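Worksheet: one structure, shown below.
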Amino acid sequence: MVFLKRNFFKCIAANLLVFIIGIVPFSASYAESSALVITGTVFEKGTRKPMAGANVYVIEDDDINTVTNQDGGFTLSITQPGVYPLQAVAFGFEKSIPVVLRVPDLSVSLDPVKLYLLPLSILPDIVVVAERNEDKVGRTIITGRELEQVAGGGRDPLRAIQTLPGIASAGEGSAEPAIRGSRPGDNDYYIDDVPVNYLYHVFGAISVLPAGVIDDFNLYTAAFGPQYGDVLGGVIDVGLRDPRTDRMGGLIDVSLISAEILLEGPITDNQSFLFSARRSYFDLIVSDRLEDEEDVSISLPEYSDYLGRYLWDINKNNRLSVYLIGASDDMDFIVGENADVAKKEPVIVGDSDIDTNYHNQTLSWDSQLTNNINNKLTVGHNISHNQTTIGTAFSNKLKINRYYIREKLFTRPHPKHKVLLGTDIERWLFDIDTNALTQNCIDL
């Protein structure tokens, strides 16, 4: 009886073991066949480079997650229907925008998922474009906009040239440039290739050109061409912008020391003009003279300038410009008999005056003869007056009339070569009236 019971239980156990061994693979196979596999790829945004090692997970269900392989691919298994927002994250990148998958049942077919990671800091491509400088040795080109943005210019673009290498100011408060050790008087000044006497007022404090009319600024510190003559210092050639052609416009600017007016606009479809004028007004509202305790009175400096340009675009190959440019400066002082300096130098007692001005009228014709040949003809007249009086010791009146014709022919026989042919014809007329006292020789 005992034997039969043991065999009976052994039989039941054996059958139960066979049942368990058979049901487990069936259950695993059933579970595997009932899961939905999601595939996809993670890319770097912008470059579309596959991201290896990124973590992909279901939002609010971190148990469903995986890591991308070397190709940026990933797979996830979903075991029940529902809504699954997928997101990817990696070190140094922002979280991707979630992709929401809606799984109504596990038998649906889903397209591969694409997730994009954006780097936390992206440096965009920087492309530096610059105009080729044909005079690399001694020429610097700066636009008028850049000059206006230089710190310390005080809304005066030409004061900004002091910040350039190799240039120093002539003195405290002066903007006149001393280029590579030369004096400001050794420089040559041009406006649109038109020669002018000076570019700075009041001992170099203020330039003769108002802000907003400068297109570019060309500074030749060395190795400049023969068209600039025997210049000992540097050459400054200021290029003016063209007058506006869309409509009439203008401005009135009143500062602490001067007032300015600017008018510009079209005359016809192919003709336009620009005119500006400026004058200091301190001498009109403040006492004429400033007196000190040493019996010396000084008047406030007076300055004025004007700029006019008429532009006619005759056709696409010919352009005619007429320039009217002028500036003046005046300052005087009186030395009394009781001044300390008068006791040492009695000849300086009395009125002293420094007055200088110039006026320029120029016609310029630019023409394009062929595709690679350009010609520029400039005809002009410059008249300047300089008067200096120092008490009874010295007086000088100088009047200069300068007539000039300048012809320039530009040609480019090869993209890397430029040829300039030119002729300058000038006539100078001087009118000098000088009266000076000479000291008697008392040495024995």
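The numbers here are math on the coordinates, done by the rules we state, and not lab data. Keep in mind it's a predicted model, so treat the numbers as computed, not measured. Heads up, the Cβs are rebuilt from the backbone with ideal geometry, glycines too, and the neighbour counts pull from every protein chain shown.
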The stretch 35-117, relative contact order [Cα under 8 Å, separation at least 6], %: 36 percent
Here the alpha-carbon Rg of the stretch 35-117 over 2.2 N^0.38 Å rounds to 1.03
Which distance in nm do the two modelled labels at Ala436 and Glu407 give, with both placed 7 Å along the Cα-to-Cβ direction? 4.1 nm
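How long is the gain from Ala35 to Asn55 if the chain were fully straight, where each residue apart is worth 0.36 nm and the alpha carbon distance is subtracted? Show your work: numbers first, answer last.
On the way: separation 20, 0.36 × 20 = 7.20 nm, distance 2.10 nm.
Roughly 5.1 nm would be gained on extension.
Which FRET efficiency value, to the nearest 0.05, is calculated for Ser169 and Arg427 with the Förster distance at 60 angstrom and r the Cβ-Cβ distance? Walk me through the intermediate numbers first.
On the way: r = 35 Å, r/R0 = 0.58.
For R0 = 60 Å, the calculated efficiency reads 0.95.
Work out the FRET efficiency for Ser255 and Ala222 from their Cβ-Cβ distance, taking R0 = 35 Å, and round it to the nearest 0.05.
Numbers: r = 36 Å, r/R0 = 1.02.
It comes to 0.45.
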What is the Cα centroid distance between the stretch 182-216 and the stretch 254-275, reported in whole angstrom? 19 Å
Ranked from fewest to most other Cβ atoms within 10 Å of their own Cβ, Met331, Met51 fall in the order Met331, Met51
Distance (nanometres) between label positions extended 7 Å along Cα→Cβ at Thr79 and His414: 8.0 nm
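What is the extension gain from Asn270 to Val103, computed as 0.36 nm multiplied by their sequence separation minus the C-alpha to C-alpha distance, in nm to one decimal?
Numbers: separation 167, 0.36 × 167 = 60.12 nm, distance 7.04 nm.
Full-extension gain reported as 53.1 nm.
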How would you rank Lys114, Lys45, going from fewest to most other Cβ atoms within 10 Å of each one's own Cβ? Lys114, Lys45
Work from the charge dipole of the stretch 246-436 (Cβ charges, +1 for Lys and Arg, -1 for Asp and Glu, about the Cα centre) and give the residue of Leu256, Ile390, Leu274 farthest towards its positive end. Leu274
Log10 I(q)/I(0) at q = 0.13, 0.14, 0.19 Å⁻¹ for the stretch 253-390, from Debye over equal alpha-carbon scatterers, is -0.75, -0.81, -1.11
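Cut-off is 10 Å between beta-carbons; in what order do Arg278, Arg427, Arg402, Arg241 appear when sorted fewest neighbours first?
Arg427, Arg241, Arg402, Arg278
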